[in-house]
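Read-outs: derived from the displayed coordinates by stated rules, not from any lab. Worth saying up front: this structure is predicted, and the values here are computed from it rather than measured.
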Amino acid sequence: MSLHAGVDVGATLAKIVTLAEGEPLERAERAFLPANDREAVVRALESAAPSTIGVTGAGARAVAALLGDGRGVLVDEFAAWGRGERALVLGADFVPTSPHLLVSLGTGTSILRVDADGSVKRIGGTALGGGTLRGLATLLLGDADHARLAALALEGDRRRVDLLVSDLYGTDEIALADDLTAASFGKVDSPRPADLAGAIARLVAENVGLIAGALAAAVAPGTDVVYAGSTLAGHETLRGILAFATRLAGGTPRFLPHGEFAGAVGALLVASDG
């Protein structure tokens, strides 16, 4: 039975998916590797011995060159994400609105519009993303480990670090939610690592959610915003803040199952279709 592979080589992580011909997507093997160790990525692909390899992302050309002999099929990144989302959403508990937005929250963030015919177009984004989380955590906490940061953020109280609307205005004095951030890191009454981790997560997720929610509302009030990307893996604080901010701005938040592998799944499917 032939095997197919897809790899999404981002700025931080390479996401690899392998799937045997004819097997359902839920049987796929999934793995993360550091994106800067491209030789390790190539070794992992070669050890699987797939008949087709779809390659997408920022490092796609470099990995395809290392594979050699035209073995890596280059797939447009946004097309890969659109195709991967269509496959992964079949395992979700929602059917996204048409059109809807697909948010790739990786090292940075891209916001894509997905139309009824499956066409995908980037309509916005922000430099805030997982790279911001790791960079600020390295500077403030001396630790950039994703799992530890996620656990710390769950324990933290970012109200000791951020200046909130409620710190400045009484109830009903201004048409803003009381717990919305007035100034990220505008208070800093606490040096506790957990509180700082919570504030870092809030800085990224609240801004991404407000931007994506506003773009969704501009399409139509309540338009779905489907979040995916490796930055969300295991980070419940990010998910909660994204949901809050998206609704506040007028969109409907959704989270794609196994969304960190959307690009890799899409690359696999495009390549295996020939």
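Using a 10 angstrom cutoff on alpha carbons, build the Gaussian network for the chain and name the most mobile of Glu85, Glu39, Glu173.
Of Glu85, Glu39, Glu173, the most mobile in the Gaussian network model is Glu173.
Any chance you could get the radius of gyration and Dmax over the Cα atoms of the chain, in Å?
Cα only, the chain: 19.6, 67 Å (Rg, Dmax).
At 1.306 mPa s and 10 °C, plugging the Kirkwood radius over alpha-carbon pairs of region 107-183 into Stokes-Einstein gives what diffusion coefficient in µm²/s?
102
What does DSSP give for the chain in terms of the percent of beta bridges that are antiparallel, rounded to the nearest 5?
Restricted to the chain, the bridges split so that about 65 percent are antiparallel.
Counting only residues 5 or more places away or on other chains, whose amide H sits under 5 Å from the amide H of Asp224 once H atoms are built in the peptide plane?
Thr97, Leu101, Thr252
Once you have a ≥ b ≥ c as the square roots of the Cα gyration tensor eigenvalues for region 110-255, tell me rounded if a/c is under 1.5, and otherwise prolate or oblate according to whether a/b is larger than b/c.
The shape class here is oblate.
With θ set to phi - 60° and the Karplus curve 6.51 cos²θ - 1.76 cosθ + 1.60, what are the ³J(HN,Hα) couplings of region 246-252 in order, to the nearest whole Hz, using x for Gly and Pro?
Here the 3J(HN,Hα) series is 5, 5, 4, 8, x, x, 10 Hz.
With only alpha-carbon atoms counted, please give the Rg and Dmax of region 62-134, in Å.
Spelled out, the Cα radius of gyration and Dmax of region 62-134 are 14.7, 41 Å.
Could you grab the relative contact order for the chain? Cα pairs under 8 Å, six or more apart, rounded to a whole percent.
24
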